[in-house]
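Chemist: Dumping the structure here so I can ask a few things about it.
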Amino acid sequence: MYLQDLALKDQKVLVRVDFNVPLDNNFQVSDDTRIRAALPTIQYILAAGGSVILMSHLGRPQKKLKDDGTVDKERFSLKHIVDHLSKCVGKVVKFVADTTGEEVEKVAANLQAGEILLLENTRFYKEEKKGDESFAQALAKLADVYINDAFGTAHRAHASTCTVAQYFGQDKKGFGFLIRKELEEAEKLNNDPARPFTAIVGGAKVSDKIVLLEKLLDNVDTILVGGGMAYTFWKAKGGKIGNSLVEMERLEAANTILAKAAEKNVEIILPVDSVVADKFDNEANNKVMPSDEIEEGWMGLDIGTTAQVTFVDAIAKAKTIFWNGPMGVFELSTFSKGTEKVAEAVVKATENGAFSLVGGGDSVAAINKLGKAEAISHISTGGGAVLKLLEGSVLPGIEAIKKS
Ligand code: AMP
């Protein structure tokens, strides 16, 4: 089931990686975190005497079609990352400008032990997202062994992340080092976590996090709720929230969560005050107000100064921390303070011995902005996937490997 359990000598190993990296205007890789994250798996296969056939998606080529309605194969080509990848691995990486088909089959068939081939963007084909069986079969026939190491897409039932696995026997498929680590670290939150266990949940909407919040109630001692979703809770409690983000159809769900938390003795801490603004704009007029007394014409865009102190204090006491989602509109500097304070507090608590797991674009960005990524116990490479994992949902990319 894991890479280390499989026989790899002289085997062609098809590896699904997540090379969905940002490119600058000159098509140079501007952040190679995801490439570096896949290196242990690649190096291990090469050292074990196998050859590596890499496949990944890059961007959303089916959503950003050219004016003539075709896929922009120049902009979204994985050819842009070949040189960078070669440098990272310390070896020439071969590239074929297609994902399946005759040319790919020819190069794959001639691949020698110790060699690496990168296939073109899997999402050039509509079949990828549909989890199409013929497309998956065409990929499967290139190799003897299948390894999934793309945690960021493990919650998607795509051809290269899920369907393809069914064409490999149980002793011919497994997880790479990256997925293994993600699973093990997430398991630490479920497996007798040190207490108090504090979850910090933020972001725009309650609707995206309801299942997560319900699940967390079974396991945590405290939940700090920040971001836009906090106002749906305040509204549900009868507060005045002005023009803040609210999901009226989730008021009942918010009340249910609050009631269940009380039943289970879980403390849910909402931000008592907010930085409110008269526009969704970095230059808008702003002031700090109680979160349940926001006047019409004003909207809460960050947790307030008192809430910051309360949140920081709760985090300082925690021995286990899970954080997903910003405390405010982190993209606008005027409303990024709450998220920054939380990031600092999580780093400090970890330095004092807590276990911390951070997942999700903005929360990870806030930690990176402090230059403190290495201080966190585990930074997840998949925001969506880690949420699904902690929700207890089935991740198709994970299940497909476990199924025989
Ligand atoms: P999510 O993808 O659910 O983690 O949400 C992240 C988004 O939530 C970011 O783009 C933030 O700008 C947004 N957000 C956070 N707090 C607020 C808020 N108080 N009002 C509106 N949007 C918010």
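The values are calculated or read from the model by the stated rules, or taken from the named source; none is laboratory data. If you're wondering where the values come from, they're calculated on a predicted model, not measured in any experiment. Backbone-built Cβ (ideal geometry, glycine too); neighbour counts: all protein chains shown. The accessibility values were calculated without ligands, DNA or RNA, using every heavy atom of the protein model including side chains. Shrake-Rupley method; radii C 1.70, N 1.55, O 1.52, S 1.80 Å.
Chemist: Output the residue which, of all residues in the range 88-129 that are in a helix (DSSP H, G or I) and farther than 22 Å from D18 by Cβ, is least open to solvent (accessible area, probe 1.4 Å). Before the answer, list the steps.
Modeler: Of the residues in the range 88-129, the ones in a helix (DSSP H, G or I) are 88-89, 102-109, 122-124, 126-129.
Still in the running and farther than 22 Å from D18 by Cβ: 102-103, 105-107, 109.
Details: E102: 162, E103: 96, E105: 65, K106: 122, V107: 33, A109: 67 Å².
Once the filter is applied, the top-ranked residue is V107.
Chemist: For K209, only one of the following conditions fails: (1) away from the ligand (no atom under 16 Å from the Cβ); (2) not assigned by TED's automatic domain parsing to the domain that holds A7. What is its number?
Modeler: Of (1) away from the ligand (no atom under 16 Å from the Cβ); (2) not assigned by TED's automatic domain parsing to the domain that holds A7, only one is false for K209: (1).
Residue-wise test of (1) under 26 Å from the mean Cα position of the chain (by Cα); (2) more than 21 Å from D149 (Cβ to Cβ); (3) not β-branched (V, I, T).
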residue: R75; (1), (2), (3): yes, yes, yes
residue: T99; (1), (2), (3): yes, no, no
residue: E105; (1), (2), (3): no, yes, yes
residue: N110; (1), (2), (3): no, yes, yes
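Chemist: Looking at the range 344-366 only, could you name the residues that are within 15 Å of the ligand (Cβ to nearest atom) and surrounded by 24 or more Cβ atoms within 10 Å (Cβ to Cβ)?
Modeler: Taking the range 344-366 and keeping what is within 15 Å of the ligand (Cβ to nearest atom), we get 358-366.
V358, G359, S363, A366 - these are the residues of the range 344-366 that are within 15 Å of the ligand (Cβ to nearest atom) and surrounded by 24 or more Cβ atoms within 10 Å (Cβ to Cβ).
Chemist: For the range 1-51, enumerate the residues that are part of a strand (DSSP E or B) and within 19 Å of G90 (Cα to Cα). Steps first, answer last, please.
Modeler: Kept after step one, since they are part of a strand (DSSP E or B), are these residues of the range 1-51: 2, 12-16, 23, 29, 51.
If the condition is that a residue be part of a strand (DSSP E or B) and within 19 Å of G90 (Cα to Cα), then V13, V15, V29, S51 are the ones that fit.
Chemist: Test of understanding: among K181, K235, which residue is over 15 Å from T320 (Cα atoms), of a type in the set (K, R), within 16 Å of the ligand (Cβ to nearest atom) and buried (at least 16 other Cβ atoms within 10 Å of the Cβ)?
Modeler: Numbers: K181 fails: within 16 Å of the ligand (Cβ to nearest atom).
Going through K181, K235 in turn, the sole match is K235.
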